[in-house]
Amino acid sequence: MTIESSLLNGPLGFGAAPLGNMFRDIPEEEALATVEAAWDAGTRYFDTAPFYGSGLSEIRLGRVMSKKKRDEYILSTKVGRIIVDKLVSGPQEFGEKGTLFRFGRKNEIVYDYSAEGAERSIEHSLKRMSVDRIDFVWIHDIAQDFHGNNWLSVFDIAHKGAMKALDKMRDEGVIKGWGLGVNRIEPVELMLGFDDVKPDGTLLAGRYSLLDHSDSLRRLMPLAEKKNVQLVIGGPYSSGVLAGGTHFEYADAPKPILDKVAKIKGIAERHNVAIKAIALQFVIAHPAVVSVIPGASKPERIKEDHAALKVKVPDDVWQELRKENLVDPKAPLPIDK
């Protein structure tokens, strides 16, 4: 079963990382209202991970989704990290992401990319979300941004462990499919070169957006299409800077990025179209992409996302973006279809 055939209501999904108190301490009622708003808007694909707030995102998502009919939505989470009962006193730091979830729960997070670790992680996720099954499972962050120069050794552990376990679970019908959930393209390229495991897709965050897509376009997208591995794209707003925020790559946006965003925003305003519409529609214009999952922690953001995907972006916008070299000349655009 392909990811595309599993999506129940179009390509727009919900990225639940913000529910783990990413960047700020989100009130419980606001978090749950955001999930309900996504459901009411027609969203039927939800993605989360144990990492997001040390299980807080899964808990909050489950409080809403466990009350819905399970056959009416698609759910994905991730493996590679185990949440333990031990509490930590200070913020936990995670590679280049620093203390991204410092407002999350205080449970310690430990890495485990073994087969047993993957199975254990899934069991824990099922309990946290109070659901009976998970559809797609992504192996989380086996890349240099979290593991530094040791990332290849970690990747090898995941290849021999979690990948083999998930391959078996998929073949046995326990899950619908699996892949990686990463912020870098190198581990996906490596995985797609294997003959002993057969991933179904990959969640790629931040590497195919208006602000960063050339490397993926040339290196990863052709390989994914050749291998029939479909891509779910996270981070279409590049950590928020394309949606009115100030973060890029989970940190303060540097001046060159802010300058580029200002140019894109200028084009959007001249044509009276939201920059979110340009960002989302750019992503899904690529044939290898089957879903885009922006994150949100406020109900009104959900409405904006759904409206942005439906709006008609004038052809002149795409032509101007190309003319001003704000998109790669080889990037597929909606006007190319």
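A few remarks follow.
- Any hit, region 291-304, residues being part of a strand (DSSP E or B) and among the hydroxyl-bearing types (Ser, Thr, Tyr): yes
- Count of region 7-33 residues, restricted to those that are assigned to a helix (DSSP H, G or I), over 18 Å from residue 204 (Cα atoms) and touching a residue at least 12 places away in the same chain (Cβ under 8 Å), is 7.
- Taken together, 59, 74 contain a single residue that is hydrophobic (A, V, I, L, M, F, W, C) and in contact with a strand residue (DSSP E or B) (Cβ under 6 Å, 6 or more places away or on another chain), which is 74.
- The residues on offer are 232, 289, 261, and the sole one that is in contact (Cβ under 8 Å) with a residue 40 or more places away in the chain, open to solvent by less than 10 Å² (accessible area, probe 1.4 Å) and either under 18 Å from residue 331 (Cα atoms) or touching a helix residue (DSSP H, G or I) at 6+ places or on another chain (Cβ under 6 Å) (or both) is 232.
- Evaluated against (1) modelled with pLDDT under 95; (2) surrounded by 14 or more Cβ atoms within 10 Å (Cβ to Cβ), residue 114 falls short on exactly one condition, (1).
- Among the residues of region 308-330, at least one is farther than 20 Å from residue 12 by Cα, open to solvent by less than 40 Å² (accessible area, probe 1.4 Å), in a helix (DSSP H, G or I) and among the aliphatic types (A, V, I, L, M).
- Residue check for residue 108: open to solvent by 40 Å² or more (accessible area, probe 1.4 Å), within 25 Å of residue 230 (Cβ to Cβ) and without any contact (Cβ under 8 Å) to a residue 60 or more places away in the chain: no
- Scanning region 157-166 turns up no residue that is in contact (Cβ under 8 Å) with a residue 60 or more places away in the chain and of a type outside the set (A, V, I, L, M).
- Out of 190, 180, 166, sole residue that is open to solvent by 20 Å² or more (accessible area, probe 1.4 Å), under 29 Å from residue 218 (Cβ atoms) and of a type in the set (A, V, I, L, M): 190
- Any hit, region 193-212, residues being in contact with a helix residue (DSSP H, G or I) (Cβ under 9 Å, 6 or more places away or on another chain), open to solvent by less than 10 Å² (accessible area, probe 1.4 Å) and farther than 27 Å from residue 251 by Cα: yes
The values are calculated or read from the model by the stated rules, or taken from the named source; none is laboratory data. This one's a predicted model, so the numbers in the text were calculated from it and none came from an experiment. Quick reminder, even Gly has a Cβ in these numbers, built from the backbone with ideal geometry, and neighbours come from all protein chains shown. SASA here: full protein model, heavy atoms, side chains in, ligands and nucleic acids out. Shrake-Rupley method; radii C 1.70, N 1.55, O 1.52, S 1.80 Å.
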